[in-house]
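The values are calculated or read from the model by the stated rules, or taken from the named source; none is laboratory data. Predicted model only: the values in this text are computed from it and were never measured. Using ideal geometry, Cβ is built from the backbone for each residue, glycine included, and neighbour counts are taken over all protein chains shown.
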Amino acid sequence: MTAAFDYQSLVTKTDGGLNRLDAAIEGMTCAACIGDIERGLRDLPGLVSARVNYTNRRLALEWRDENFDLTTAFARLRRMGYELHPFELADSERAETETMRFLLRCLAIAGFAAMNIMLLSVGVWVGGDIDPETRDLFHGVSALIALPAAAFAGQPFFRSAFAALRAGRLNMDVPISLGVMLALIMSVYETVTNAEHAYFDSATMLLTFLLLGRFLDHAMRRKTRAVAANLAALRAPLASRVSADGDETRVPVAQIKPGDLVLSRPGERLPVDGVIVSGSALLDDSLITGETARRPASAGDVVYAGSLNYDGVLTIRVGAASGATLLDDIEKLLDKAAHARSRYMRLADRVSRLYAPMVHLAALSTALFWMARGATFHDALITAICVLIITCPCALALAVPAVQVVASGALFRAGVLLNSADAIERLAEADTIVFDKTGTLTAPAPRVVNADIIDPATQALAAQLAQASRHPLARAVAALTPNAPAIEAREEHGLGVSAMIDGVEARLGSVAFCEMMPQVEALGALEPDISLVAFRHGERRALFQVRQILRSDAGDAIDALKARGFAIEILSGDRPEAVEKIARALGVEDWRGGLTPAEKVARLDALRDAGRKTLMIGDGLNDAPALASAYVSISPIDATHITQAAADAVFLGERLGPIVVTIDLARRARLLMRQNLGLSVIYNVFAVPLAMAGWLTPLIAAAAMSGSSLLVTLNALRAAPSAATSADPVASDAPAPEPAE
């Protein structure tokens with residue numbers, strides 16, 4: 001169904017004047033499909049680019065020539081075994097949910113069948129003098145369980161294999177499907193002819209192992225698809241447009257044009273980028289700049305879509321509206337970065353590219369050799385099936401996922417949650433770490449830094465007032481006495497809060513609001529990053545000094561990362577002087593402040609062009625494109641939802657220590673992955689010649705295959721460090737121990 005939908009209605013224009021079509025693509029099973037699709041379309045006349053985003057299964061075609069034939073492109077993809085559909089985010093999410101449910105059903109059925117068939121097989125293996133009738137009954141019952149279970153549970157592999165064969169390609173699902181189907185067919189034949197052994201257990205066990213790995217991969221990859229949906233939640237769907245005669249009309253943002261006047265009221269997110277014509281308000285720009293302090297904005301100031309208006313009515317002259325705002329630019333950067341990252345091919349994928357054709361060649365050569373030597377077709381086929389079973393990529397399929405599962409569990413216990421299935425491999429390869437400042441190196445919320453010189457009773461009274469305000473500076477004061485009872489207070493926007501306490505008026509807010517300018521002058525010069533919150537209750541007065549402070553272990557974490565050989569940089573949207581102060585405190589020489597999201601991405605691109613593999617750590621919306629663009633990324637748990645979705649991992653708590661733990665565990669896990677792949681290769685080097693020589697029966701082949709899987713699983717368990725080696729790595733500059741090669 002490639003050309004059935006009205007694709008012309010879906011064609012859009014890019015900023016560069018190119019025609020663009022986004023379409024959902026069906027039939028991709030691994031990262032190698034990206035290259036197949038893009039190479040297959042590369043020589044189409046007039047096509048400028050074809051890019052595949054593996055994360056959300058989207059194909060983006062761009063062309064300049066108006067006569068470019070889309071139907072030809074669709075037909076070529078169909079011949080390659082892929083199908084195109086209109087791309088809609090909601091439809092994509094629904095389809096992915098259905099895929100997850102289907103994989104889970106397949107896994108449950110395969111696992112149930114494998115367990116029951118194994119019970120019957122054990123009875124045959126260890127039965128000793130089991131009579132032939134009972135053995136045949138066990139085989140018959142196994143067939144009744146295995147055949148319908150494999151027919152249903154094997155669909156993810158069978159469909160992929162048939163599509164690849166129709167397109168003249170081989171993928172890892174082809175030998176899996178062939179091995180399972182031949183094992184089942186031969187097992188039925190052996191059951192019908194009352195043979196001693198059948199191999200239903202091998203087929204169902206293999207399906208169970210592989211379905212588990214595929215389900216986990218889909219579950220992790222699905223998390224990254226939340227980015228577009230989260231960005232959509234920050235957009236204001238409607239805007240209040242003001243006409244020349246002052247009339248106000250609510251219209252969709254898509255109808256707003258540059259030069260229009262729009263109105264923004266308290267509590268609304270700004271729908272456009274522009275310049276304030278009249279009015280003033282406190283704006284929360286944290287999603288854009290990363291700075292948590294609310295920004296006072298008035299006539300002449302530039303504002304951005306997605307910022308939250310707290311307390312004023314603003315009239316804004318539109319500079320950029322739907323499709324061209326800074327928020328849209330962030331989304332485009334995220335999409336571009338996600339496409340680039342989806343090209344990463346995991347270790348197991350790289351190994352498997354050569355594995356599939358080698359397996360088929362070995363099995364076919366074995367059958368032809370023995371038939372040429374005079375063996376019967378039955379005996380030659382049995383020997384070929386032994387080769388397929390012995391080379392079934394069960395150990396190879398488990399080599400990496402088994403380590404991932406164990407390492408993911410160890411990271412979870414260390415307070416780190418993974419969003420990406422291949423994050424561990426990329427974390428282990430990183431050599432440069434780039435930090436955001438606000439909310440990443442510093443604590444998420446500002447803190448009072450002079451509480452030790454303020455009377456506790458005064459702090460308690462101020463905290464009572466602070467409970468009535470949502471201002472970040474007021475929340476810092478409230479945090480001094482978390483259990484302070486709330487009182488009925490009146491908030492004056494932009495000034496502070498006031499209430500009657502013991503018959504005397506109390507005020508908390510700006511210096512002018514509390515009439516405490518003489519006390520401020522007595523303090524002398526303050527550091528530029530300190531904000532003052534004044535409190536007055538009769539003769540009781542206090543000035544709370546509030547600022548962003550470093551996370552408690554930031555210095556130790558930076559030192560530990562330097563000891564492990566990492567180059568450290570700080571990239572921030574905050575003021576350069578504030579960034580410089582943090583950089584000096586941490587001993588970081590490379591830093592930049594006042595950066596836009598695009599400038600952060602440009603710096604990461606420059607590092608990549610220089611051959612560096614960067615780990616980006618940030619928390620704000622302005623960091624999301626950089627997190628997605630970096631080779632690998634981590635965000636704190638209190639980051640925005642978009643930022644968490646763009647990151648490969650999320651760490652919990654106030655400390656940066658989990659980052660060091662993550663890197664140590666990732667390096668350990670990568671080594672174990674390589675060991676497991678090596679064990680799989682060694683196993684095949686010794687076992688395959690024995691199977692080709694006819695010295696193994698299918699039962700022994702199945703046992704050897706299961707043994708190799710058990711071996712790589714046991715080795716994977718070493719990815720979780722023991723208590724003796726899991727001490728806090730931040731407390732020591734020594735690199736974490738790695739398992740021996």
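Tabulated values for the structure
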quantity: Residues located in the range 151-203, provided they are assigned to a helix (DSSP H, G or I), modelled with pLDDT of 85 or more and polar (S, T, N, Q); calculated: Q155, S187, T191
quantity: Within the range 407-432, considering residues that are at pLDDT 85 or above and small (G, A, S), the one farthest from F566 (Cα to Cα); calculated: A428
quantity: Filter result for the condition that a residue is assigned to a loop (DSSP other than H, G, I, E, B) and either among the hydroxyl-bearing types (S, T, Y) or at pLDDT 90 or above (or both), over R668, R655, R612, R603; calculated: R612
quantity: Sole exception among (1) more than 27 Å from R655 (Cα to Cα); (2) touching a residue at least 40 places away in the same chain (Cβ under 8 Å) for L441, by number; calculated: (1)
quantity: Condition broken by P266, with the remaining ones in (1) surrounded by fewer than 23 Cβ atoms within 10 Å (Cβ to Cβ); (2) modelled with pLDDT of 70 or more; (3) outside any loop (DSSP other than H, G, I, E, B) satisfied; calculated: (3)
quantity: Only listed residue being within 25 Å of L427 (Cα to Cα) and touching an Asp or Glu at 6+ places or on another chain (Cβ under 6 Å), chosen from D553, D590, D605; calculated: D590
quantity: Enumeration of residues in the range 435-462 that are at pLDDT 85 or above and not aliphatic (A, V, I, L, M); calculated: F435, D436, K437, T440, T442, R447, N450, D452, D455, P456, T458, Q459
quantity: For A522: the one exception among (1) free of Cβ contacts under 8 Å to residues at least 60 places away in the same chain; (2) assigned to a loop (DSSP other than H, G, I, E, B); (3) surrounded by fewer than 19 Cβ atoms within 10 Å (Cβ to Cβ); (4) on the phi < 0 side of the Ramachandran plot; calculated: (2)
quantity: Only one of N67, N116 that is over 22 Å from R159 (Cα atoms) and modelled with pLDDT of 75 or more; calculated: N116
quantity: So A583, is it modelled with pLDDT of 90 or more, surrounded by fewer than 16 Cβ atoms within 10 Å (Cβ to Cβ) and among the hydrophobic types (A, V, I, L, M, F, W, C); calculated: no
quantity: Filter pass, V504 being among the β-branched types (V, I, T), within 12 Å of A462 (Cβ to Cβ) and not assigned by TED's automatic domain parsing to the domain that holds L282; calculated: no
quantity: Residues satisfying the stated conditions in the range 536-557, i.e. free of Cβ contacts under 8 Å to residues at least 40 places away in the same chain and under 19 Å from F651 (Cβ atoms); calculated: G555
quantity: Single match in E569, E491 (criterion: free of Cβ contacts under 8 Å to residues at least 60 places away in the same chain and either within 39 Å of the chain's Cα centre (by Cα) or surrounded by 13 or more Cβ atoms within 10 Å (Cβ to Cβ) (or both)); calculated: E491
quantity: Of all residues in the range 620-652 being of a type outside the set (A, V, I, L, M, F, W, C) and part of a helix (DSSP H, G or I), the one that is modelled with the lowest pLDDT; calculated: H641
quantity: Test for L561: is it in the same structural domain as G503 (by TED's automatic domain parsing), modelled with pLDDT of 90 or more and surrounded by fewer than 23 Cβ atoms within 10 Å (Cβ to Cβ); calculated: no
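To keep it simple, each residue is scored yes or no on (1) surrounded by fewer than 17 Cβ atoms within 10 Å (Cβ to Cβ); (2) over 45 Å from the mean Cα position of the chain (by Cα); (3) of a type in the set (D, E, K, R).
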site: M100; (1), (2), (3): yes, no, no
site: C106; (1), (2), (3): no, no, no
site: I109; (1), (2), (3): no, no, no
site: A113; (1), (2), (3): no, no, no
site: N116; (1), (2), (3): no, no, no
site: S121; (1), (2), (3): no, no, no
site: V124; (1), (2), (3): no, yes, no
site: D129; (1), (2), (3): yes, yes, yes
site: R135; (1), (2), (3): no, yes, yes
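A quick yes/no check of all residues on (1) modelled with pLDDT of 90 or more; (2) among the aliphatic types (A, V, I, L, M):
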residue: L523; (1), (2): no, yes
residue: D529; (1), (2): no, no
residue: A557; (1), (2): yes, yes
residue: E569; (1), (2): yes, no
residue: E577; (1), (2): no, no
residue: G587; (1), (2): yes, no
